[in-house]
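To keep things clear, I will list the structure first and then write my remarks on it.
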Amino acid sequence: MANCLRHPQVQKVHPSYLMIPRVSRIFHWCLALLAFFAGAFLVHAQEKPDRPPWAQPSTSQPQPPPPSGQPQPPTTPGPMVPAPVQLPERQKAPQTPKGTIKVNVNLVNVLVSVLDENKRPAPNLPQEAFQVSEEGVPQKIEFFEPETKLPLDLALMIDASMSAHIDIQYEREAASRFIRQVLRPDDRMAVFSFDETVTQRTTFTERVQTLTDAVARIPDGAGTSIYDALLLGSQTLEKRGGERRRVIILVTDGGETTSHADFESARRAALRGEVLLYTILVRTMKSENGRNTAGEHALQTITETTGGAMFFPDSPQELPVIFDRIDAELRTQYRLAYYPNPRGAANSYRKIEVKMLPGYTARHRTAYLVGAQ
């Protein structure tokens with residue numbers, strides 16, 4: 001019985017064995033804490049603003065591209081007074097025309113229209129057929145381009161005054177025909193009207209329908225501001241910049257009445273902008289009695305100075321023939337260029353003369369304005 005009542009023998013355990021579970025638990029807790037702090041550190045590192053762009057997380061979704069072929073919103077040109085405002089236009093990728101001359105600003109370019117004995121454009125002449133002088137001093141032709149490839153910037157300016165209203169419908173039809181005929185892919189045209197103010201009806205564009213619609217919608221006005229039209233038109237063309245020919249086609253009765261600018265301001269702007277002016281003088285009165293002949297003479301002087309031409313149709317029915325002549329001349333122009341020797345003083349006028357072989361007549365700008373030194 002004594003043996004039965006004895007307690008079971010308890011084995012003694014070494015204290016190091018009792019520490020194993022506690023160490024294991026502490027170890028696991030340490031691992032958990034390390035994992036937590038590591039995750040927090042990574043999140044903070046991703047959100048640091050001073051990380052380089054390629055290391056920042058992307059939070060925005062890519063935007064879909066705009067639908068192709070969607071038309072540009074239309075632009076509405078505004079009035080041109082007191083100064084012309086060049087409005088935005090939808091443009092094609094700029095292209096450098098063949099034959100473009102890229103030289104320093106001292107180079108003087110001269111566009112020359114050559115007529116034969118029958119007053120028709122004379123193409124395919126050699127450089128030797130031209131002699132250029134400035135202020136009477138012969139100049140060396142550095143560049144020569146028969147039938148220039150420079151594209152056109154044209155400003156079609158139509159007199160909308162009451163005095164010119166008699167034949168306005170026929171003028172509109174002839175102008176629309178000219179628009180359809182003259183424009184080439186790289187050319188641009190803008191329609192202007194002028195009465196007591198000058199208004200740009202379209203931006204410079206190649207869209208024939210836009211231009212013809214603008215011509216058809218020109219409203220009737222009162223006065224006639226020819227000098228303002230030439231001044232603002234020349235400034236607008238000059239701002240266009242680039243290697244292009246700048247041309248104004250002016251259709252008017254010549255009755256200057258309401259301009260703020262004067263003759264010299266208009267002439268100076270045309271020369272500074274290197275504008276070629278073609279004037280079509282539609283005279284509603286054949287007799288000089290009652291006509292503003294002073295305005296006509298002033299227009300003729302400015303036109304000849306720029307190297308353009310002036311036309312005096314006897315009736316509106318002659319307008320299509322005149323527009324055809326202007327178109328043919330613009331397509332057969334020569335371009336000469338020289339470095340002036342000696343160079344004139346800044347802001348001074350310099351006289352240019354081009355002589356031709358016998359049997360030919362040259363028309364060109366007869367002066368230019370020297371820029372800043």
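The values are calculated or read from the model by the stated rules, or taken from the named source; none is laboratory data. Keep in mind it's a predicted model, so treat the numbers as computed, not measured. So basically every Cβ, Gly included, is an ideal-geometry build from the backbone, and we count neighbours across all protein chains shown. Only protein heavy atoms, including side chains, enter the accessible area calculation; ligands, DNA and RNA are left aside. Shrake-Rupley method; radii C 1.70, N 1.55, O 1.52, S 1.80 Å.
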Give the residues of the stretch 184-206 that are of a type in the set (Gly, Ala, Ser) and surrounded by fewer than 19 Cβ atoms within 10 Å (Cβ to Cβ), sorted by residue number.
-> none
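Does Leu369 qualify as being farther than 18 Å from Arg283 by Cβ, modelled with pLDDT under 90 and either in contact with a helix residue (DSSP H, G or I) (Cβ under 8 Å, 6 or more places away or on another chain) or aromatic (Phe, Trp, Tyr) (or both)?
Criteria met by Leu369.
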Output the qualifying pairs, or none if there are none: Cβ atoms under 7 angstrom, residues six or more apart or on different chains, first residue in the stretch 261-281 and farther than 23 Å from Pro151 by Cβ and open to solvent by less than 50 Å² (accessible area, probe 1.4 Å), second residue assigned to a strand (DSSP E or B) and hydroxyl-bearing (Ser, Thr, Tyr).
-> Leu281/Thr252
Assess whether Val215 counts as being of a type outside the set (D, E, K, R) and part of a strand (DSSP E or B).
-> no
Could you list, in sequence order, all residues of the stretch 310-349 that are open to solvent by 10 Å² or more (accessible area, probe 1.4 Å) and in contact with a helix residue (DSSP H, G or I) (Cβ under 7 Å, 6 or more places away or on another chain)?
-> Met310, Phe311, Pro316, Pro320, Asp327
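Checking the condition of a type in the set (Val, Ile, Thr), within 15 Å of Arg245 (Cα to Cα) and modelled with pLDDT of 95 or more, which residue from Val112, Val132 passes? Walk me through how you get there before you give the answer.
Details: Val132 fails: within 15 Å of Arg245 (Cα to Cα).
After ruling out the rest, the residue left standing is Val112.
Taking Pro151 as the residue in question, decide whether it is touching a strand residue (DSSP E or B) at 6+ places or on another chain (Cβ under 9 Å), surrounded by fewer than 15 Cβ atoms within 10 Å (Cβ to Cβ) and at negative phi.
Details: touching a strand residue (DSSP E or B) at 6+ places or on another chain (Cβ under 9 Å): yes; surrounded by fewer than 15 Cβ atoms within 10 Å (Cβ to Cβ): no; at negative phi: yes.
So Pro151 does not fit the description; no.
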Counting only residues that are assigned to a strand (DSSP E or B) and of a type in the set (Gly, Ala, Ser), how many does the stretch 248-266 have?
-> 0
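If only one of Gln209, Gln169, Gln235, Gln181 is open to solvent by 40 Å² or more (accessible area, probe 1.4 Å), farther than 15 Å from Leu156 by Cα and not in a loop (DSSP other than H, G, I, E, B), which one is it? Full working, then the answer.
Working: Gln209 fails: farther than 15 Å from Leu156 by Cα; Gln235 fails: farther than 15 Å from Leu156 by Cα; Gln181 fails: farther than 15 Å from Leu156 by Cα.
Matching residue, one of Gln209, Gln169, Gln235, Gln181: Gln169.
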Would you be able to say whether some residue in the stretch 223-231 is closer than 21 Å to Thr305 by Cβ, among the small types (Gly, Ala, Ser) and over 13 Å from the mean Cα position of the chain (by Cα)?
-> yes
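Among Glu117, Glu128, which is open to solvent by 40 Å² or more (accessible area, probe 1.4 Å), outside any loop (DSSP other than H, G, I, E, B), out of contact with any strand residue (DSSP E or B) (no Cβ under 6 Å at 6 or more places or on another chain) and not basic (Lys, Arg)? Quick ask: steps written out before the conclusion?
Values: Glu117 fails: outside any loop (DSSP other than H, G, I, E, B).
So the residue among Glu117, Glu128 that is open to solvent by 40 Å² or more (accessible area, probe 1.4 Å), outside any loop (DSSP other than H, G, I, E, B), out of contact with any strand residue (DSSP E or B) (no Cβ under 6 Å at 6 or more places or on another chain) and not basic (Lys, Arg) is Glu128.
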Which residue pairs have Cβ atoms under 8 Å apart, sit 6 or more places apart or on different chains, and have a first residue in the stretch 332-359 that is part of a loop (DSSP other than H, G, I, E, B) and a second that is of a type in the set (Ser, Thr, Tyr)?
-> Thr332/Ser113; Gln333/Ser113; Gln333/Thr148
Looking at (1) modelled with pLDDT of 90 or more; (2) part of a loop (DSSP other than H, G, I, E, B), find the lone condition where Asp220 falls short.
-> (1)
